[in-house]
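The values are calculated or read from the model by the stated rules, or taken from the named source; none is laboratory data. As the structure is a prediction and not an experimental result, all values here were calculated from the model. Note that we place each Cβ from the backbone using ideal geometry, even for glycine, and neighbour counts take in every protein chain shown.
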Amino acid sequence: MNKHEKFAWIRFAMTALIFAFLFGKLFFFDLPVEVTEWEEIYDNISDLFLVSMFAGAVLTRPGKGVVADERDRAISASAARSALAALTLIIVVSGAIIGMDAYADLLTTYPAAWFKHYLIACLAFAWAIESSVCVFQHWRDRR
């Protein structure tokens, strides 16, 4: 397993964990009422992101092996296109839902911090898609 695949696995695990936590907190668990509780969640997510980046840097030491070859760059480009498509789809669907009259009253009951966390969850989902495409393509190349 090369270091690009290791880093893709770390990114996938962390971004999928962040997305799952935020998605559950936003839609299924009890919603925090106060803004300070939302800020604590944001701080925890930020800490988890920093830990994942540190783990990726330690486990994929840059002094080892080839930095990136043509195939790694092609995998990164393909993954970036997939993430962009996923994020575009999320934004279009979210915009369509926000524009519906049936959800207008429901959305006014959520605090502004909820929307901030919703956007972070959307980004985490797009990053998880990007990482999963990298993991799959690296795995396929090893076969």
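Considering only residues in region 101-142 that are under 10 Å from the mean Cα position of the chain (by Cα) and not hydrophobic (A, V, I, L, M, F, W, C), the one that is nearest to Ser52 (Cα to Cα) turns out to be Ser131.
If you go through region 1-16 and keep only what is aliphatic (A, V, I, L, M), assigned to a helix (DSSP H, G or I) and under 13 Å from Arg142 (Cβ atoms), you end up with just Ala8. Residues of region 131-139 include none that is crowded, with 17+ Cβ neighbours inside 10 Å, in contact (Cβ under 8 Å) with a residue 12 or more places away in the chain and more than 30 Å from Glu70 (Cβ to Cβ).
Could you run through region 56-76 and say how many residues are in a helix (DSSP H, G or I) and modelled with pLDDT of 70 or more? So that I can check it myself, show each step before the final result.
At the first step, the residues of region 56-76 found to be in a helix (DSSP H, G or I) are 56-59, 70-76.
Within this subset, residues satisfying the condition of being modelled with pLDDT of 70 or more are 70-76.
Qualifying residue count, region 56-76: 7.
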